[in-house]
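Any read-out appearing in this document is the output of simple, stated calculations on the displayed coordinates, not a laboratory observation. Remember, it's a predicted structure, so these values are computed and weren't measured experimentally.
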Amino acid sequence: MSRPVRLDGAVANEAPDYGTGFAPFFVPLSLWVGAMVVFMVLPALSARALVSSVPSWRVALAGRVVPLTSAGGTYPVETSPAFFQAVGPFLPLSWAVTAPRHLISGGDTAPVWSAFGVTSLWLVVPLLLT
C-alpha cells in the first residue's frame with residue numbers, strides 16, 4: 001500500500017481511434033459476404049442437387065460463423081475461447097484482417113507478407129483441387 005505499482009510502457013504504431021483498428025475487418029468481411037451472395041445467386045449445382053443437400057447448408061452456415069469469430073476483427077483473438085485462438089491461424093479471414101491492420105497502423109511488414117502467402121495458398125490449393 002505504501003508503494004503503488006506504476007505502469008511504464010511505450011505504444012508502438014498507435015491508432016488514433018477505434019475505427020482505424022476496426023476498418024480492416026470490414027473490407028474482407030464485405031468481400032466474403034459478396035462472394036457468398038454471388039454463390040447463392042449463381043448456383044454452381046443443379047436445383048436438384050441443391051435440394052438434396054439442404055441439411056448440409058446448416059453445417060455450411062455453422063462453418064461460416066467460425067471464421068468470423070476467430071478473425072479478431074471486432075475483439076482481439078486473445079479474448080476469445082481457446083478453440084477460436086487455435087483455429088484462427090488456419091483460416092484466411094484472420095490473415096485478411098491482419099494484413100490491412102498492419103498496413104494501416106504501420107510497423108513490421110512481415111505479417112503482411114505472411115498473410116499474402118497464406119491467402120494465396122487458400123486461392124491456389126482449391127483451384128488445383130477442382
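Work out how much length VAL124 to ARG6 would gain on full extension: take 0.36 nm times their residue separation and subtract the Cα-Cα distance, in nm to one decimal.
That pair, VAL124 and ARG6, stretches by 37.4 nm at full extension.
Report the full-extension gain for the segment TYR18 to LEU31: residue separation times 0.36 nm, less the Cα-Cα distance, to one decimal in nm.
Taking TYR18 through LEU31 to full extension adds about 2.5 nm, to one decimal.
Output ³J(HN,Hα) for the range 70-77: one whole-Hz value per residue in order, computed from phi by the Karplus curve 6.51 cos²θ - 1.76 cosθ + 1.60 with θ = phi - 60°, and x for Gly and Pro.
After applying 6.51 cos²θ - 1.76 cosθ + 1.60, I find 9, 6, x, x, 8, 10, x, 4 Hz.
Given H placed on each backbone N at 1.01 Å, which residues far from ALA15 in sequence or on other chains put an amide H within less than 5 Å of it?
For ALA15, no residues qualify.
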